[in-house]
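Below is one structure; the comments refer to it alone.
The values are calculated or read from the model by the stated rules, or taken from the named source; none is laboratory data. In this text, all values refer to a predicted model and were calculated from it rather than measured experimentally. So basically every Cβ, Gly included, is an ideal-geometry build from the backbone, and we count neighbours across all protein chains shown. Surface areas here come from the heavy atoms of the whole protein model, side chains and all, with no ligands, DNA or RNA. Shrake-Rupley method; radii C 1.70, N 1.55, O 1.52, S 1.80 Å.
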Amino acid sequence: MKLFKNIILILAVVLLLSGSNIAFSADKISKILILPFNIHSEKDLTFLQKGIGEMLSTRLSFENKVMIVGKEEAGIVPGKTDEKIALAAGEKTGADYVLFGSLTVFGDSISTDAKFYDVQKKNQLVVINEFGSSQGDVIYHINVFAARINETVFGRKTISAQAPAKQSTQQPSSGGQDSRKNPEEMWSKESGIKMAYDEAFTGSGEPAAVLWKSKKFETKLKGIALGDVDGDGKIETVFADDHNIFIYRQTAGKFEKIKEIAGKTFEFYKGIDVADINGNKKAEIFITAIRDNGRVVSFVLEWDGKDFKIISDNEDWHYRVLDIPARGGKVLFGQRGGNASIFSGNVHELKWVHGYYISTNKEILPRGVNVYGFNYGDILNSGQEMILGYNANEYLNLFNVNGNEEWTSSDPYGGSSAYLEAPAEIESAKKSSHDQRPENRLYLPQRILVTDLDNDKKKEVLVVKNIDTTGGIFSRVRLFKSGHFESLSWDNVGLSPKWRTRNFSGYISDYTLGDIDNDGTDELVFLLVTQAGGSIMGADRSFVISWDAK
């Protein structure tokens, strides 16, 4: 049941904008009757009918061109609609077109069948027969259906699913195998899904934006960064799970694999960053790696013209790259791992000197702030650089350059399932007869971005907020059900929410800013982790998603 509640939550917010290439008659408003879908399921899922109907109404209606007529006037009994009944209802309501369909549910599998008829000519104009096995597939089915109607019937171009346009049905469907494939399989050779939505449906004052979603990765992705890692002038997307590094590039509508690099099973990747620190026009890939005994064994990869080679290995630095305009752009920071504790000493700025990454400056940061969760920036838009950092309870703190606290958030932000454990505590736990892991974990803070993402000429702070269903009461368990981003701006009293994105069902594990699609404009790019079937016991799967403000 939770699966379908999640579908309706997504249906309520993921509504696509329509374009402006219109081929309507100037003196006639087309009327569409949308009838409730028939639902075939062992459980009562009639609430789905409303969600699907509202999505179709929003997608198909257009001011002074297309209107939706009331289904109440048709007198239709939900669940009993067929072609004959639908056409009769269309005539009764004076509709030019009638739309009806069915949703069949077998466990977590979803089959969507729908038809769009010309009432007067009594012939079907658009038909879909789609099958999916994930909680969001019904959205893509309805999206494809509405986009096909807009384009083929009304000559109206819309921003719609790129690959699903290919997976959509024929007119009429022949019932071939392609028409029954999971949309995820159909996307595998394409860039993924592109969707547009408007702030009217976010309820948060969010700027209008375009969302892009990659194919599904059957793993829990944990870190992401963007940069030109092979020196060809195009931006690559680099991301990682516990033991593997993935390098992809999105250009010309395709998200193509460049390289996948397998790591060691006893080493766990905790962070990934990309930047050209050594100045050779090829961005290095910085991997913070931790052995199962808690010791830091980080390394750096670089393209040598033929492959990605390790240029620095077994380093005891926790790495983090920050974009700091006042220091000339991308800056590499590091904090050493301790022999007994998680960290040893201060955060340092690292530079490439004679073939090595060495410390050139020790950062003076407030107590408790570590390398993973801080940033510098002109937060007050006054020309003065400030320090932002998370405290141990994940509250956001603002400090002046002297380290004095100026402000603390009233709510926690961030929220991460990535954690570190002290080597000494791991060793002690291994000697215990009842448990092999330490009781205490340090959950890593999420990134803090200082940027002007909405292009209003003022710096804002962009942070993520993942919702922990446990309420943070367990020291070793975190269960995230959803997450969103908030843009915070200074109002002379503190940092207050300026806008926020919609809630994304799942867990946002990492994020960055960069030109993922190589169009010359930066996007907010993040990793979204979900579980199969919407269950916390389901297998992890992940998506790369970009949010492009328009």
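Under 1.5 on a/c is rounded, so check that first for region 310-379, then, if it is not, pick prolate when a/b is larger than b/c and oblate when it is not; a ≥ b ≥ c are the square roots of the alpha carbon gyration tensor eigenvalues. Spell out each step's value before the answer.
On the way: a/c = 2.11, a/b = 1.12, b/c = 1.89.
Verdict is oblate for region 310-379.
Over region 242-371, with every protein chain in place, what whole percent of the accessible area is carbon and sulfur at 1.4 Å, could you tell me?
Numbers: 2840 of 6120 Å².
In region 242-371, the share of accessible area belonging to carbon and sulfur is 46 percent.
Rolling a 1.4 angstrom probe over the protein chains, ignoring ligands and nucleic acids, what is the accessible area of Ile310 in square angstrom, nearest 10?
Ile310 exposes around 90 Å² with every protein chain in place.
Add +1 for every Lys or Arg and -1 for every Asp or Glu among the other residues with Cβ under 14 Å from the Cβ of Gly328, and state the total.
On the way: positive: Arg327, Lys330, Lys351; negative: Asp276, Asp323, Glu349, Glu385.
Residues near Gly328 contribute -1 overall.
For His484, His243, write out the residues from largest to smallest accessible area, computed with a 1.4 angstrom probe and no ligands counted. Show your work: numbers first, answer last.
Values: His484 10, His243 45 Å².
My answer, sorted largest first, is His243, His484.
Would you list which aspartates and glutamates come within 12 Å of Lys430, measuring only between C-alpha atoms, while excluding same-chain residues fewer than 8 positions from it?
The qualifying aspartates and glutamates are Asp292, Glu439.
Using a simple charge model, +1 on the beta-carbon of Lys and Arg, -1 on the beta-carbon of Asp and Glu, nothing else, what dipole does region 307-379 show about its Cα centre, in debye to the nearest 20? Please report the intermediate quantities before stating the final value.
Details: 8 positive and 8 negative charges, 32 e Å.
Value, rounded to 20: 160 debye.
Any idea how far apart Lys430 and Asn346 come out in nm if each label point goes 7 Å out from Cα toward Cβ?
3.4 nm
What shape does region 450-489 take by its C-alpha gyration tensor, where a ≥ b ≥ c are the square roots of the eigenvalues and a/c under 1.5 counts as rounded, a/b above b/c as prolate, and the rest as oblate? Before the final figure, lay out the partial values.
Numbers: a/c = 5.08, a/b = 3.40, b/c = 1.49.
Here region 450-489 falls in the prolate category.
At 1.4 Å probe size, what's the solvent-accessible area of Trp352? Round to the nearest 10 Å².
80 Å²
Between Ala252 and Glu439, what is the spin-label point distance in nm, taking each point 7 Å from the Cα along the Cα→C-beta axis?
In this crude label model, Ala252 to Glu439 measures out at 6.0 nm.
Name the shape class, rounded, prolate or oblate, that the alpha-carbon gyration tensor gives for region 202-353, where a ≥ b ≥ c are the square roots of its eigenvalues, rounded holds for a/c under 1.5, and otherwise prolate holds if a/b is larger than b/c and oblate otherwise.
Rounded shape, in that the Cα axes give a/c under 1.5.
For each pair in Lys65/Lys465; Lys220/Lys254; Lys220/Lys306; Lys213/Lys234; Lys216/Lys306; Lys215/Lys306, compute the distance between the two Cα atoms and list the pairs where it is over 31 Å.
Lys65/Lys465
If each of Asp316 and Arg295 carries a label point 7 Å out from its Cα toward its Cβ, how far apart are those two points in nm?
So the two model labels end up 0.9 nm from each other.
Round to the nearest 10 and report in Å² the accessible area of Val105, as given by a 1.4 Å probe over the protein chains' heavy atoms.
The accessible area of Val105 comes to roughly 20 Å².
Once neighbouring chains are kept in place and the probe is 1.4 Å, which whole percent of the accessible area of region 377-421 is contributed by carbon and sulfur? The partial results should precede the final answer.
Working: 730 of 1920 Å².
Reported share for carbon and sulfur atoms: 38 percent.
Asp304 to Thr470: extension gain in nm, 0.36 nm per residue of separation minus the Cα-Cα distance?
On the way: separation 166, 0.36 × 166 = 59.76 nm, distance 4.64 nm.
Additional length available on full extension: 55.1 nm.
What does the extension gain come out to for Ile29 and Glu54, with contour length at 0.36 nm per residue minus their alpha carbon separation?
Details: separation 25, 0.36 × 25 = 9.00 nm, distance 1.97 nm.
Here the answer is 7.0 nm.
In terms of solvent-accessible area of protein heavy atoms at a 1.4 angstrom probe, what is the ranking of Arg367, Arg295, Arg320, highest value first? Show your work: numbers first, answer last.
Working: Arg367 235, Arg295 100, Arg320 15 Å².
I get Arg367, Arg295, Arg320, largest accessible area first.
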